[in-house]
Amino acid sequence: MNASDRQAAPTQTPEWQALVKHREELGEVRLRELFAADPERATRSVLEVGDLHIDHSKHLVTDETLRLLRELAAATDVFGLRDAMFRGEKINTTEDRAVLHIALRAPRDAVIEVDGENVVPGVHAVLDKMSAFADRVRSGEWTGHTGRRIRNVVNIGIGGSDLGPAMAHEALRSFTDRDLTVRFVSNVDGSDLHEAVRDLDPAETLFIVASKTFTTIETITNATSARNWLLTGLRAGQEAVAKHFVALSTNAEKVAEFGIDTSHMFEFWDWVGGRYSYDSAIGLSLMIAIGPERFREMLDGFHLVDEHFRTAPAESNVPLLMGLLGIWYGNFHDAQSHAVLPYSHYLSKFTAYLQQLDMESNGKSVQRDGEPVTYQTGPVVWGTPGTNGQHAYYQLIHQGTKLIPADFIGFAEPVADLQPGLAAQHDLLMANFFAQTQALAFGKTPDEVRAEGVPEELVPHKTFKGNHPTTTILATSLTPSVLGQLVALYEHKVFVQGAVWNIDSFDQWGVELGKVLAKRVEPALTEGADVPGLDSSTKALVAKYRELRGR
Ligand code: F6P
């Protein structure tokens, strides 16, 4: 059977209808009551995978809800599609591609075939090449055109060729070589590159041009400007490029066309989606920063969760559970968004990274066969590190009118190199972490408010209805392996949801139209060209823009 006709709309299954009925019968579940009725709920609702301790007790579910959700997963053949992915089948049907980010972290002796060819040796050959290069840069053996050692690394890429390495570099900052400056440029707004290089010495700067396709206009434009900056700064010709530019891509032809020697290209493959790619060659900037050994520890963390997802039974399969809980809220409670709230400043880019992972994957409204969906698919994913969010938007989560399921991610230990005085702040950070999920779940009743002597007219304002569902993910500390585990958890959660919704989570046609129109409209801005097909609003806005620019 082809992966595309693996299942029909989930809503047509009896299991979906059973959940509809169950939701009606449950009515409004009160977390206070669920906990009161079951003293074991907190301990029973914990799963462990690798270094991650996952508490899902504070969800608006009963054992029956979870059972019915697992039945929906079985009816929609989530594990069948999972196995097809691990076997290298072309489950990305609209692009006719395999989906094998799991091969990027497979051990050397694994065998994963695409079109009859084992891809694992190629993965390790690139990892070895990256490691050798990273070591040369880190040791100072790799020098720039003038013979000076490289002290600055600038990754130029966008989307999956930026968010992953930028997020992971921030997350693992305490593991980085602090003598190296590593920066990330993504925006075609020239200010991004300007700010990234303005205090750098070109003689000591290495540019990593990261682009799967090597045709992405933002990246090629920035890379061209970076090359000009370099050659001007060095007062050198094209020959200087070789020591200051490397490429990460699947497209050797375009890399060569840009002027980068393909021996300085680190390859990956069309079966790696951009948003699933930072553990491929796209992670080179990260590897230079943290070193090959730490990078491989991160890959092992990914692999550990891959194996868990592949082999754990449904009852203890964490990505399955996370995916199904999202479906419970999105499809049966009409929740529109999902917050991811890390209590680690080092994870400040984590949610932005997940936005692409989740929203580019599951922001779809047609099924695999092209039929429109009649149910909600991917949520809006958002969030920033605690405790900052507490003083900004948590008010709405606590007392607003929207149901916002949230993941809280925290660590028992602060990072190892924090000064003792600052490390002492960690308990306060984590006290907030635990307090928030408690307040969200159990709230504060009007009677509890009154008991504090609050005047009656203020009681409704100071009441917290609670019942806001959260998952708590706790680990000892944020290590490379733990980061890999976390990312793999979310990758597979997104997979589970896409499988249930019967959508292709691995294409991204939705970003194409804007790209095409930008290309078409540009001459109207620059030359005042009369671009056919421009609507009257856009035409007027472009005219205003030209007027404001004095054109
Ligand atoms: O336009 C979206 C997208 O294709 C993402 O999926 C991808 O991560 C990003 O652009 C960058 O693409 P590339 O790595 O080919 O430059």
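Summary of computed values
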item: ASP135 vs. criteria over 27 Å from the mean Cα position of the chain (by Cα) and closer than 19 Å to ASP270 by Cα; result: no
item: Residues within segment 219-252 that are near the ligand (Cβ under 10 Å from one of its atoms) and part of a helix (DSSP H, G or I), tallied; result: 2
item: Residue identified as under 14 Å from the mean Cα position of the chain (by Cα), in contact (Cβ under 8 Å) with a residue 40 or more places away in the chain and open to solvent by less than 60 Å² (accessible area, probe 1.4 Å) among LEU354, LEU403; result: LEU354
item: Failed item, numbered, when THR384 is tested on (1) in a helix (DSSP H, G or I); (2) among the β-branched types (Val, Ile, Thr); (3) within 15 Å of the chain's Cα centre (by Cα); result: (1)
item: Condition check for LEU321: touching a strand residue (DSSP E or B) at 6+ places or on another chain (Cβ under 8 Å) and either closer than 30 Å to LYS129 by Cα or open to solvent by 10 Å² or more (accessible area, probe 1.4 Å) (or both); result: yes
item: Among residues of segment 507-535, those that are in a loop (DSSP other than H, G, I, E, B) and either buried (at least 23 other Cβ atoms within 10 Å of the Cβ) or within 14 Å of the ligand (Cβ to nearest atom) (or both), counted; result: 2
item: Conditions (1) in the same structural domain as ASN152 (by the TED database); (2) open to solvent by 10 Å² or more (accessible area, probe 1.4 Å): number failed by ALA281; result: (2)
item: Residues of segment 301-350 classified as in a helix (DSSP H, G or I), farther than 18 Å from MET167 by Cα and touching a residue at least 12 places away in the same chain (Cβ under 8 Å), total; result: 25
item: Qualifying residue in segment 289-306 (condition: under 18 Å from the mean Cα position of the chain (by Cα), within 16 Å of the ligand (Cβ to nearest atom) and either modelled with pLDDT of 95 or more or closer than 29 Å to ARG151 by Cα (or both)); result: no
item: Members of segment 410-431 found to be over 17 Å from THR176 (Cα atoms) and either touching a residue at least 12 places away in the same chain (Cβ under 8 Å) or charged (D, E, K, R) (or both), listed by number; result: GLY410, PHE411, ALA412, GLU413, HIS426, ASP427, LEU429, MET430
item: Matching residues in segment 135-154 - criterion: being in contact (Cβ under 8 Å) with a residue 24 or more places away in the chain and open to solvent by 50 Å² or more (accessible area, probe 1.4 Å); result: ASP135, ARG138, HIS145, THR146, ARG148, ARG149, ARG151
item: Residue that is farther than 30 Å from LEU34 by Cβ, charged (D, E, K, R) and either open to solvent by 10 Å² or more (accessible area, probe 1.4 Å) or within 16 Å of the ligand (Cβ to nearest atom) (or both), where the choices are ASP504, ASP447; result: ASP504
item: Subset of segment 140-178 that is assigned to a strand (DSSP E or B) and among the β-branched types (Val, Ile, Thr) - its residue that is nearest to the ligand (Cβ to nearest atom); result: ILE156
item: Pick from segment 151-192, criterion out of contact with any Asp or Glu (no Cβ under 6 Å at 6 or more places or on another chain) and β-branched (Val, Ile, Thr), ranking: farthest from THR216 (Cα to Cα); result: THR176
item: Residues of segment 262-288 satisfying the condition of being away from the ligand (no atom under 13 Å from the Cβ), under 17 Å from the mean Cα position of the chain (by Cα) and not in a helix (DSSP H, G or I); result: ASP279
item: Among the candidates THR216, THR181, residue that is of a type in the set (Ser, Thr, Tyr) and either in contact with a helix residue (DSSP H, G or I) (Cβ under 8 Å, 6 or more places away or on another chain) or within 16 Å of the ligand (Cβ to nearest atom) (or both); result: THR216
item: Selection from segment 155-183 of residues that are closer than 17 Å to THR384 by Cα and either β-branched (Val, Ile, Thr) or surrounded by fewer than 22 Cβ atoms within 10 Å (Cβ to Cβ) (or both); result: GLU170
item: Single match in VAL255, VAL209 (criterion: crowded, with 16+ Cβ neighbours inside 10 Å, of a type in the set (Val, Ile, Thr) and not in a helix (DSSP H, G or I)); result: VAL209
item: Verdict on LYS465 being within 30 Å of GLU33 (Cα to Cα), out of contact with any Pro (no Cβ under 7 Å at 6 or more places or on another chain) and in the same structural domain as LEU341 (by the TED database); result: yes
item: Boolean, VAL241 is open to solvent by less than 10 Å² (accessible area, probe 1.4 Å), within 22 Å of the chain's Cα centre (by Cα) and closer than 22 Å to GLY147 by Cα; result: no
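For (1) out of contact with any Gly (no Cβ under 8 Å at 6 or more places or on another chain); (2) open to solvent by less than 70 Å² (accessible area, probe 1.4 Å); (3) assigned to a helix (DSSP H, G or I), each residue gets a yes or a no:
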| site | (1), (2), (3) |
| --- | --- |
| LEU422 | yes, no, yes |
| THR471 | yes, yes, no |
| LEU478 | yes, yes, no |
| ALA488 | no, yes, yes |
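The values are calculated or read from the model by the stated rules, or taken from the named source; none is laboratory data. Remember, it's a predicted structure, so these values are computed and weren't measured experimentally. Quick reminder, even Gly has a Cβ in these numbers, built from the backbone with ideal geometry, and neighbours come from all protein chains shown. We work out accessible area using only protein heavy atoms, side chains counted, and drop any ligands, DNA or RNA first. Shrake-Rupley method; radii C 1.70, N 1.55, O 1.52, S 1.80 Å.
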